[in-house]
Structures are given as structure tokens and as C-alpha cells.
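To keep things clear, I will list the structure first and then write my remarks on it.
The values are calculated or read from the model by the stated rules, or taken from the named source; none is laboratory data. As the structure is a computational prediction, the values presented were derived from the model and not from experiment. All Cβ positions, even for glycine, are placed from backbone atoms using ideal geometry, and neighbour counts span all protein chains on display.
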Amino acid sequence: MNILKSWDYTRKKDKAMAKLYFKYGTMGSSKTAQALITKFNYEEKGMRVWLIKPQIDSRDEGCIIRSRIGLYSDAYVLPVQEDVYKTFLRLEEPADVIIADECQFLSEEQVNQLAMIVIEYNIPVLCFGLRTDFRTRMFPASKRLLEIADSITEIKTICACGRKATVNVRLDDEGRILTEGEQILIGGNEAYTSMCYRCYNICMRRCGW
């Protein structure tokens, strides 16, 4: 039996066209919580969700996605070089929606592959993650999502001053701002904080940068 026919992946004219969504925010903006709540909402309506995360995110026992507020769920761990499109076609059970957490760690090609799933199978794909790194530079996957996503939404949180936080700030063991290092360093509140760009620049000047 043709697996695609058995899943009934069809592009019916009366079915709403699916979209590729990019929902981004700074550290601490509850991106993962929103991803897990979205998963729950789809499943409550009887839809099957394929929850994925990049292998680079090695926190929480590898195959678990966990939010700071305590929500968690099993997830498929996606290796860096894996073709997400081909893996999607090999799923034992059909998926009605795909949710990707920490999507900034995907490759650009994996973002393209997710976009093709949306186009060819009318499956919505929701990507949650960061836009920029601690140097205020975009992650390659986030840049690609900004280029091709059908819907782009900012998940807002605030700086300590009350303004909207826009910068992911990496800290050393003594709480000082770091401006050099590898783009990817997995960590939570012990390694990162969020600031508005104004406070970030004030702190940088005080540190002598």
C-alpha cells in the first residue's frame, strides 16, 4: 500500500492551507511553555503532533522537552545532518502538525525541508526558538525562517528595567557579560539573561567593552 495514501495526506481544496510559523523570543520568554501548550491544544482536538527538537539541545535527558514552569513532553531528537522531510515520511503514525522547539539549532536545510512538508502535504509546522545569539547575531536557521516563514510572531518578555527584552546576554561565572565565544552554548538562567538593547549597551560600557 502506498504509505502516503494510507495516511491520506491530500491537498483538498476545501482544507485551509497550512503555514510555516516562526515564533521567536529571548531567553526566558516562555517559548518552550508555549510550544508545549500548543501541542496540548492540538491533541485536545484529536490531532496527532510530531514534537521535535535538535540534538544540539542536550538538556533534560535528551529526548525530553521541559519548560521552566514545569511542563514537559517526550520529543523526537533530530540529529544535525538528518533529513527531517524523509524522517517525516517514515513515521509509523501520521502527523497532523509538527512542532519544533529550539529551532535556532536546526540547519538551514532542515528549515527548507520543513517548509516543503508544509507545501507538499499541507501540514502546519510551528517553530519556536531564538532569533539572535549572545552577540546579537542571527542564528542561520532563524535567519532562514525569517526569510521564508508564512507567519512570524514575537513572544515578548521584559528586561529588568521594564522595557521589552530583545538581547540574549551570556554571562560568565561571576555574572559578567561575555561578548566572545562559540555561538552555541547550552544553558539556562545560570548562563543567560535577557535585556533590552539600551540596558545591554549600558552594561557593555560599564564593563569597558
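List the number of the failed condition for residue 169; all other conditions in (1) within 26 Å of residue 202 (Cα to Cα); (2) assigned to a loop (DSSP other than H, G, I, E, B); (3) not polar (S, T, N, Q) hold. Failing condition for residue 169: (2). When each of 174, 147, 180 is tested for being surrounded by fewer than 20 Cβ atoms within 10 Å (Cβ to Cβ) and either within 22 Å of residue 79 (Cβ to Cβ) or at pLDDT 95 or above (or both), the lone residue that passes is 147. Of all residue pairs spaced 6 or more apart or on separate chains, those with beta-carbon atoms under 8 Å, a first member in the range 135-150 that is closer than 24 Å to residue 193 by Cβ and without any contact (Cβ under 8 Å) to a residue 60 or more places away in the chain and a second member that is among the charged types (D, E, K, R) and part of a helix (DSSP H, G or I) are 140/108; 141/108; 143/108. Among the residues of the range 15-25, the ones that are over 11 Å from the mean Cα position of the chain (by Cα) and crowded, with 22+ Cβ neighbours inside 10 Å come to 1 in all.
Picking from residues in the range 157-171 that are modelled with pLDDT of 95 or more and among the charged types (D, E, K, R), the one that is farthest from the chain's Cα centre (by Cα) is 163.
In summary, residue 204 fulfils each of the numbered conditions (1) modelled with pLDDT under 75; (2) assigned to a helix (DSSP H, G or I) with the single exception of condition (1).
Can you spot a residue in the range 131-140 that is among the basic types (Lys, Arg) and either assigned to a strand (DSSP E or B) or modelled with pLDDT of 95 or more (or both)? Checked against the condition, which is being among the basic types (Lys, Arg) and either assigned to a strand (DSSP E or B) or modelled with pLDDT of 95 or more (or both), the range 131-140 yields at least one hit. Counted as qualifying within the range 48-107 are no strands (runs of 3 or more DSSP E), as none has 2 or more residues that are touching a Gly at 6+ places or on another chain (Cβ under 8 Å) and at pLDDT below 95.
Residues that are of a type in the set (S, T, N, Q) and over 19 Å from residue 19 (Cα atoms) are absent from the range 120-131.
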